[in-house]
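Q: Once you've had a glance at the structure underneath, I'll fire off some questions.
The values are calculated or read from the model by the stated rules, or taken from the named source; none is laboratory data. It should be emphasised that the depicted structure is a prediction, and the values quoted were computed from it without experimental measurement. Counting neighbours? That spans all protein chains shown, and the Cβs are built from the backbone with ideal geometry, glycine included. Remember, those area values only see protein heavy atoms, side chains included, never the ligands or the DNA or RNA. Shrake-Rupley method; radii C 1.70, N 1.55, O 1.52, S 1.80 Å.
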Amino acid sequence: MAKFIPVEPFDIVIFGGTGDLSRRKLLPALFHRWLDGQIPETSAIVGTARSDLDDKSYRAMAREACEKATGDNWNDKEWKRFEKLIHYVAIDATAEDADWAGLKSKLTEDPARPCVFYLATAPSLYVSICEALGRAGLSEGNTRVVLEKPIGKDLDSARAINDGVGAVYSERQVYRIDHYLGKETVQNLMVLRFGNMLFEPLWNRNYIDHVQLTVAEDLGLEGRADYYDKSGALRDMVQNHMLQLLCLTAMEPPNQLDDDDVRTEKIKVLRSLVPIHADTSKKLTVRGQYRAGVKGGEPVRGYAEELSGEAKSNTETFVAIKASIDNWRWAGVPFYLRTGKRMSHRHSDIVVQFKKAPHSLFGEGNDMSNRLVIRLQPDEGVRLFVQIKEPGPGGLRVKSLPLNLSYAESFTVRYPDAYERLLMDVVRGNLSLFMRKDEVEAAWTWVDNLIEAWEQAGEAPEPYPAGSDGPLAAAMLLDRDGRAWWEGH
């Protein structure tokens, strides 16, 4: 059973404290860490927004959110202890006459105590909020600021945010969060690679045929139409989540697991990605947009209909990419990336396909190869497919079956989710799972090339029916190479 080590007492201020992210993720994450004894009772949680609330009404909102997230494990006695940590300050952080004295009164006046400012707001407000915090004297001492993705919409806007925030807070005070990096199976990827002699000697172009990264969602816009139509799948998912997964899969072993060693190795991968330009984009990428279809036996609307009568949109809801890493370890090994909305089912997988044995002893059709499948969601787990003889008479038949590590079956206690883990890492000052400034900008450099290539091509996204596995062209992307997407459930 896991032993949860308490963090030192801290203050956390959540800007956008009444928003969706705070209610669905941040407040429940803090309550779960309280239930496991990680948060000291002398800590302070301060929600702030423009809404005219007081402590009592904000605590009632927080209780509703936490009760919903906790479900059958709700503990009323512990909630009554926990809610004493929660406070609220109504403040427009970007207004010149903002009441910073009211916020300061809720915080502990100890420069050595960790004080976290979590910006659960639109990225366009990051710089102005940080500048206001700086003017209010809230950037000194042991302060940290957490930035949610996306950091900008392109390289120029990302640099503007990084430079603006960096003018107030040092790089070691800035935590750019990507919740995918807090998932157990993502972190376990490093342990699988670097803690097992079974894998690391084979983790290269000599033994691996290709790698697939899939983040498939079965939902549509779900109230995010305005944001999503300005971003699309490439900016929303590939630039951050998927490139982070690619980096952890492909990076060289760091000297140690401290923050800068890990992040430096990830940046090397991003800088080794071969740019995709106009002359190669049609061959190496697929853009799609879902049309009306069927989900769970029920009809669902297409993307255009979900935009509430907006003009025709060329925003992609699906992206497939054949990426190449130009370095010694991965030369010639394709990395296939795929993400989309309204897919047949929700799943996120890293699939490492090993090469076939150089000579088949068992006849035609019995020359299968090993495959490592790391499932990030749902049902986190790891499966290694190996070849065995199928029992029975009538000849030797080979079957590929998995050695299965299911987190749900192997670990019966509840473990912290991604936000819970990452919030505690912020309090501890552990930067290893957060993106560095140059890492964000390296990712945008590669993505901007692709965006420019698509704009030059001027082609509309290929339609695919909701509830499918994406456009036909995505299957053809691998079929041309004699490969196929892994669709194992």
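Q: So, counting K/R as plus one and D/E as minus one, what does the shell of residues with Cβ under 11 Å around Met251 add up to?
A: In short, +2.
Q: So, in Å, what gap is there between the alpha-carbon centers of region 139-154 and region 244-263?
A: Using only Cα atoms, the two centres lie 21 Å from each other.
Q: Heavy atoms only, probe 1.4 angstrom, no DNA, RNA or ligands counted: give me His277, His179, His32 ranked by accessible area, highest first.
A: These residues rank, largest area first, as His277, His179, His32.
Q: List the GluC sites (Glu not before Pro) within region 284-377 that DSSP assigns to loop and that have no more than 11 neighbouring Cβ atoms inside 10 Å.
A: Filter output for region 284-377: Glu364.
Q: Between region 1-75 and region 180-238, how many Å separate their Cα centres?
A: 28 Å
Q: Students often forget the sequence filter, so: which lysines lie under 19 Å Cα-Cα from Lys230 once same-chain residues fewer than 8 apart are removed?
A: Within the straight-line cut-off, Lys230 pairs with Lys149, Lys153, Lys312, Lys341.
Q: Do you know the relative contact order of the chain, to the nearest whole percent, from alpha carbon pairs under 8 angstrom that are 6+ apart? Before the final figure, lay out each step's value.
A: On the way: 861 pairs, mean separation 88.1, N = 489.
Answer for the chain is 18 percent.
Q: Further question: Please give the length that would be gained between Glu459 and Thr70 if that part of the chain were fully extended, namely 0.36 nm times their separation in residues minus their C-alpha to C-alpha distance (nm, one decimal). Show your work: numbers first, answer last.
A: Numbers: separation 389, 0.36 × 389 = 140.04 nm, distance 4.59 nm.
So the chain would gain 135.4 nm between Glu459 and Thr70.
Q: Further question on the same structure: With a cap of 15 neighbouring Cβ atoms within 10 Å, and only residues DSSP puts in a loop, list the chymotrypsin sites (Phe, Trp or Tyr not before Pro) found in region 65-156.
A: Those satisfying the criteria are Trp74.
Q: With angles folded into 0 to 90 degrees, how steeply does helix 418-428 sit against the dominant principal axis of the chain? Use alpha carbons for both and round to 10.
A: 50 degrees
Q: Tell me whether region 1-104 comes out rounded, prolate or oblate; compute the Cα gyration tensor, take square roots of the eigenvalues as a ≥ b ≥ c, and use a/c under 1.5 as the rounded threshold.
A: prolate
Q: Using Cα atoms only, what is the angle between the long axis of helix 155-166 and the major principal axis of the chain, expressed in degrees (0 to 90) to the nearest 10?
A: Its long axis makes an angle of about 40 degrees.
Q: Between (1) 78, 51, 41; (2) 78, 54, 48; (3) 59, 49, 46, which entry matches Cα extents along the principal axes in Å as derived from the coordinates of this structure?
A: (2)
Q: Let me ask another. Around Ile325, what is the net charge, scoring Lys/Arg as +1 and Asp/Glu as -1 over all other residues with Cβ under 14 Å from its Cβ?
A: Around Ile325, the surrounding residues sum to +3.
Q: May I ask you to give the solvent-accessible area per residue for the chain, in square angstrom, as obtained with a 1.4 angstrom probe?
A: Ligands and nucleic acids excluded, the result is 46 Å² per residue.
Q: Give me P(r) over region 30-184, computed from all C-alpha to C-alpha distances, binned every 5 Å, as integer percentages.
A: Reading upward from the zero bin: 1, 8, 16, 19, 19, 17, 12, 6, 2, 0.
Q: Here's another thing I want to ask about it. Once the piece of chain linking Asn196 and Asp156 is laid out straight, how much longer is it, given 0.36 nm per residue of separation minus the C-alpha distance between them?
A: Once the chain is fully extended between Asn196 and Asp156, it gains 10.3 nm.
Q: Quick one: ranking Glu217, Glu298 by accessible area, 1.4 Å probe, largest first, what do you get?
A: Sorted by accessible area, descending: Glu298, Glu217.
Q: Also, quick follow-up: Let me have the 222 nm mean residue ellipticity of the chain computed from DSSP H runs of 4+ only, each contributing -39500 (n - 2.57), with the sum over all residues rounded to the nearest 500.
A: It lands at -9500 deg cm²/dmol.
Q: Here's a follow-up. With a 1.4 Å probe and all protein chains left in place, how much of the accessible area of the chain comes from carbon and sulfur atoms, in whole percent?
A: For the chain, the apolar C and S fraction of the accessible surface comes to 51 percent.
Q: Multiplying the sequence separation of Ala101 and Lys77 by 0.36 nm and subtracting their Cα-Cα distance, what value in nm do you get?
A: My answer for the length gained is 5.4 nm.
Q: Which value, in debye to the nearest 20, describes the size of the charge dipole of the chain about its Cα centre when Lys and Arg Cβ atoms bear +1, Asp and Glu Cβ atoms bear -1, and nothing else is charged?
A: Magnitude of the dipole: close to 1220 debye.
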